[in-house]
Amino acid sequence: MKFGVVRFPGSCDEVDALLAARRVGDAELLWYADHDLRGADAVIVPGGFSYGDYLRVGAIARFAPVMEEVELFARSGGPVLGICNGFQVLCEAGLLPGALLPNTSLRFLCRQVGLAVVNADTAWTRACSAGDALSIPVKHTTGRYYAPDPVLDELEANGQVVFRYAPGENPNGSLRDIAGVANVAGNVVGLMPHPEHAVDPLTGSEDGLAVFRSVVGALV
Amino acid sequence: MRARVLIRPKAGILDPQGQTVERALPALGFEGVSNVHVGRLVELDLDDPSQLDAMCERLLTNPLIEDYEIQA
């Protein structure tokens, strides 16, 4: 089982994602300019500030050469996880519904938040149970999840809401407290919190490991 | 030709930047200001203006959250 972790110009969490993935499998970096997933069984689009967040978060990274391969991989059922900026990139690419807008506070936020697992039947949550409470950090300026109301209704009906902020812990004004969503098939998941920063007791929580473990279980 | 693309947050989507500016103006003595929205301006020279809409839809804006207006 091998993870591929994309590195764009401006990524900053790709090494943490790589190290987190290596706790459960093999992992290597994928270069944004290559049309090559290097045989990865699962792809992580990590956090950071790809292309300096110029124009709109994720807007330019979404057209990077490696993303053509990620799109083909995702559309053929391959597991893809977008974390923070990676979530923004997957939304821009149309692989996930909705968009991320500036936090209502207009401030950069960096804090531990409580999350509830809403759907434990995606490639990236199968090691969890619905209702599980996870403690995972967020660190972003543009994390307010938005989709038009009818789309939100559809997401809820389809089980595409994967993670919600715990009651009272929505840090950014996300509609319906949504912290992470999936595509209809459940192989593509994106979330604003950083599971890769919660894999060691040293930093306060190991709850993020379940996300990486899930995909290993899903592929075996 | 030279073109400008004005990009605005879609009506109905919370615009905290606009709200913050709206609240800041009265503090400076500018009264009677409402409906403030903050968007972006893209200016460009281009050979084929018929491509502008496609540029806006694919890259310059996210049609889910933004409206645009072309001033050629």
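Here are the numbers:
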| item | result |
| --- | --- |
| Test: residue in region A:106-123 that is hydroxyl-bearing (Ser, Thr, Tyr) and surrounded by fewer than 22 Cβ atoms within 10 Å (Cβ to Cβ) | no |
| Set A:Glu169, A:Glu156: member being surrounded by fewer than 21 Cβ atoms within 10 Å (Cβ to Cβ) and free of Cβ contacts under 8 Å to residues at least 40 places away in the same chain | A:Glu156 |
| Residues within region A:172-206 that are surrounded by 22 or more Cβ atoms within 10 Å (Cβ to Cβ), aliphatic (A, V, I, L, M) and closer than 25 Å to A:Glu92 by Cβ, tallied | 8 |
| Any hit, region A:104-127, residues being within 12 Å of chain B (Cβ to nearest Cβ), of a type outside the set (Gly, Ala, Ser) and not in a loop (DSSP other than H, G, I, E, B) | no |
| Hits in region A:1-39 - residues which are under 17 Å from A:Pro195 (Cβ atoms), touching a strand residue (DSSP E or B) at 6+ places or on another chain (Cβ under 6 Å) and surrounded by 18 or more Cβ atoms within 10 Å (Cβ to Cβ) | A:Phe3, A:Gly4, A:Val5, A:Val6, A:Ser11, A:Asp13, A:Glu14, A:Ala17, A:Leu18, A:Ala21, A:Ala27 |
| Of all residues making up region A:63-91, the number that are out of contact with any Ser or Thr (no Cβ under 8 Å at 6 or more places or on another chain), within 11 Å of chain B (Cβ to nearest Cβ) and crowded, with 24+ Cβ neighbours inside 10 Å | 1 |
| Qualifying residue in region A:86-102 (condition: farther than 30 Å from A:Arg38 by Cα and in a loop (DSSP other than H, G, I, E, B)) | yes |
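Any read-out appearing in this document is the output of simple, stated calculations on the displayed coordinates, not a laboratory observation. Keep in mind that this is a model prediction, so the values were computed, not measured. As a convention, Cβ positions derive from the backbone with ideal geometry for all residues, glycine included, and neighbour counts pool all protein chains shown.
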